[in-house]
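Only one structure is covered here, and it is reproduced in the block below.
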Amino acid sequence: MLERLVEEYAGRFVLAKVEADENMKLAGRYKLRGFPTAILFVNGAPVDQFSGARPPDYVREFLDRYLDKQTRFAAQPDRPHTFPPPAHSGRG
């Protein structure tokens with residue numbers, strides 16, 4: 001279902017799927033308890049999440065809270081995606 005929303009939203013967000021059983025450190029880092037879990041990252045930081053299977057309308061409302069005319073989650077050609085996002089060093 002999420003793959004269909006990627007197409008529907010025409011690149012306004014990027015979907016990265018991670019198999020928690022194969023990435024236990026990552027699951028622990030984000031304190032994942034329920035599966036599936038969707039975490040929304042903005043500029044490399046997690047800003048919201050939900051767990052469990054949800055209907056498409058719920059996911060659309062979740063995305064629409066963050067997707068606006070100023071915000072794009074699509075890849076920038078000069079900034080390749082990494083998952084998990086790099087930790088911020090605190091240096092600017």
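Here, each number is a calculation from the coordinates, and none is a lab measurement. Because the structure is a prediction, the values reported are computed rather than measured. Here the Cβ is made from the backbone with ideal geometry for all residues, glycine too, and neighbour counts use every protein chain on show.
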* Of Asp68, Asp48, how do they rank once you tally other Cβ atoms within 10 Å and put the fewest first? -> Asp68, Asp48
* Please identify which residues in segment 2-40 have an amide N closer than 11 Å to a label point set 7 Å out from the Cα of Ala53, following the Cα→Cβ vector. => 36
* Distant-in-sequence amide H partners of Gln49 (H built 1.01 Å from N, under 5 Å) -> Leu40
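Mind checking the full-extension length gain between Thr37 and Leu5? Use 0.36 nm per residue of separation minus the Cα-Cα distance, one decimal, nm.
On the way: separation 32, 0.36 × 32 = 11.52 nm, distance 1.58 nm.
Taking Thr37 through Leu5 to full extension adds about 9.9 nm, to one decimal.
Consider all pairwise Cα distances in segment 2-64 and report the whole-number % of them above 18 Å. Spell out each step's value before the answer.
Working: 718 of 1953 pairs.
Looking at segment 2-64, the distances longer than 18 Å represent 37 percent of pairs.
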